[in-house]
Amino acid sequence: MRKIKYKKGRKVQPTLLEYTGVHKYTQTEIQLFVYDDLNLAEYHEFDVDEMEKHADFTRTNWLNVHGLNDVEVIKSIGDYLVVDSFMLSDILNTTKRTKLDEYHDTLFFNLKSILPDEDSNNINVEQISFMLKNGILVSFQEKRSDFFTHIRERIRTHSGIVRTKKADYLLFLLLDAIMENFYITIESEEDKVEALINLSKTNTNLSILEQIEKHRDNYNFLKRSIIPLRDSLYSIKSIKDDNVFNAIESNNFTFFERLHQKCLELLEQIEYDLTTLDSAANFFFSSQSHKMNEVMKTLTVVSVFFMPLTFIVGVYGMNFENMPELHWQYGYFIIVGVMALLLLGMIYYFKKKKWY
C-alpha cells in the first residue's frame, strides 16, 4: 500500500502577506462599478483611498482587482472592509485549495479558474477570490483576463436582471462565468482525446500512451478542482437557515443551487471521459498484443514450413555409407523436387485453412 508522504513546502504565515503566484510582474489595477436599476458609474485605474468618495452602499458596488503583486493595495482593501488577515493571506497564496468561509459579516470564496492551452496538452490555472460584505463585492484576479467581459457588458447595457439585483447575484454570475471555463476545458480535452483515440487505431507508437496518461492527469486535476467547489456550493445551503448572516438574499439561493448542479454534471462528465481514456488505453494495449500475435503467427507459419524440410536435410546429412539415394545419378534433384512439392503443398493447405 502506498503511504502518504509529507511534502515540505514554503510556509506563508497569515500575518505575512506575500503573493506566491507566477504573475509577479503584473501591475495591480482596480476597476469599480457602482450601479442600480437606474444609474451606473464606472471608474478605471481606481484607488482604494477613493472608496469613501465613490462607493454607495445604497447601490451595488463591484470592485475588481487585476494583479496581486502589489501587496499594499490588497492590504488597503482589507483595511477598508475590515476583514481578517487570513483572508488576505488566502487571496495571495495561490496554492490554497478551493474554499468557502463565512466569517461574521463577510463571505469569502476562493477557487481556481481553468482554461486549456491550445498549443499543448497543458491546462492554465488562475486563482480567483471573492469577498462579499455590506453590499460590496470584491473580486481578485492574478492577471487581466476576459472571464467577466460579458458581465461588464450586461451591466453597461442593462441586459437581463443584473442591474435589478444585489451583489450576491453578481457573485453568482461571476462564479457561473468561471464554471463555464470548466466546460470549455473539458470540451477541449474531449476533442484532443477523440483525435488521440482515432490515431491509436492506426499508430502503435508509445508516445500515444504517454499522451493518454497526460490527459488522464488533466482530468484528475479537473476533478480535484471541482470537488471542493461542489462542497463549497453545497455548504451555502447551510447559510440559508442562518438568521444572522444575510449576505445572500433568500430568493437568490436557488441560483447557487444551480451552480451546485453544474458541478455534479461536470464531475459526471469527467468520470465518463476517464472511462473513455481507460478504453483508449485498453485498445492501445490490445493493438500492441494483436501486432505481437501477428508477428508470432507469421514466424510460427514460416517455421512450420521449414520443419519437414529440415527433417529431410537432417536425414540425408547423417553420412552413412549404406544410403542408396546417395549413389543415384538424379538423387539430389529428386530430393530437392520432393522438398519443393512438400513446401508448395503445405502452403496450399495453410491457405485453404486460412491460417495466414
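The values are calculated or read from the model by the stated rules, or taken from the named source; none is laboratory data. Predicted model, so just to flag it, every value in this text is computed and none were measured. In this analysis, Cβ positions are derived from the backbone assuming ideal geometry, glycine residues included, and neighbour counts consider all displayed protein chains. When the accessible area is computed, the model is the full protein with side chains, heavy atoms only, and any ligands, DNA or RNA have been set aside. Shrake-Rupley method; radii C 1.70, N 1.55, O 1.52, S 1.80 Å.
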Which helices, counted as full DSSP H runs in the chain, have an axial Cα extent of no less than 30 Å and a Kyte-Doolittle average of 0.0 or above? 167-200, 253-315, 331-352
Extension length gain for Thr95 and Leu115 (0.36 nm per residue less Cα distance), in nm, is 5.5 nm
Under the 0.36 nm per residue contour assumption, what length would be gained going from the current alpha-carbon distance of Tyr349 and Ser159 to full extension? 60.5 nm
Counting DSSP beta bridges in the chain, what percent are antiparallel, to the nearest 5? 85
So what's region 186-315 giving for Cα Rg divided by 2.2 N^0.38 Å, two decimals? 1.94
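Leaving ligands, DNA and RNA out of it, report the carbon-plus-sulfur percent of the accessible area of region 153-223 at a 1.4 Å probe.
Carbon and sulfur atoms account for 51 percent of the accessible area of region 153-223.
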At q = 0.08, 0.11 Å⁻¹, what is the base-10 log of I(q)/I(0) for the chain according to the Debye formula with one equal point scatterer per Cα and no solvent? Please give it to two decimals. -0.55, -0.85
Just to be sure I follow the rule: in region 88-183, considering lysines 8 or more places apart or on different chains, how many pairs have Cα atoms under 20 Å apart? 7
Sparse-neighbourhood loop hits (GluC sites (Glu not before Pro), region 96-182; DSSP loop; Cβ within 10 Å at most 16 others) -> Glu118
Roughly what would the spin-label model give for Thr204 and Lys75, points 7 Å off Cα along C-beta, in nm? 6.4
Just to verify a number: what accessible area does Glu72 come out at with the full protein assembly present, 1.4 Å probe, Å² rounded to tens? 130
Under a GNM of the chain (C-alpha, springs under 10 Å), which listed residue has the highest mean-square fluctuation: Leu299, Leu171, Leu326? Leu326
Report, by chain and number, residues whose modeled amide H sits under 5 Å from the one on Asn124, excluding near sequence neighbours (fewer than 5 apart, same chain). Leu115, Asp117
Taking the simple approach of a point 7 Å from Cα along Cα-to-Cβ for both Tyr25 and Thr58, what is their distance in nm? 4.7
Per residue, how many Å² of accessible area does the chain show with a 1.4 Å probe? 59
Let me check against my output: what whole-number percent is the relative contact order of the chain, with C-alpha pairs under 8 Å and at least 6 apart? 14
Using a simple spin-label model with points 7 Å from Cα along the Cα→Cβ vector, what separation in nm is obtained for Glu50 and Glu180? 2.9
Descending accessible area (1.4 Å probe), largest on the left, turns Val65, Val295 into Val295, Val65
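If you stretched the chain out fully between Thr254 and Met318, how much longer would it get, using 0.36 nm times the residue separation minus the C-alpha to C-alpha distance?
Extra length available between Thr254 and Met318 comes to 13.6 nm.
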Based on the Cα atoms of region 71-169, what semi-axes does the equivalent ellipsoid have, where each is the square root of 5 times one gyration tensor eigenvalue, given in whole Å with the largest first? 23, 22, 12
Cα-based Kirkwood hydrodynamic radius, region 260-345, one decimal, Å: 18.4
What is the calculated FRET efficiency for Arg152 to Gln288, with r their C-beta to C-beta distance and R₀ = 45 Å, to the nearest 0.05? 0.30
Would you work out which of Leu92, Gln27, Leu132 lies farthest towards the positive end of the dipole of the chain, given +1 charges on the beta-carbon of Lys and Arg and -1 on that of Asp and Glu, about the Cα centre? Leu92
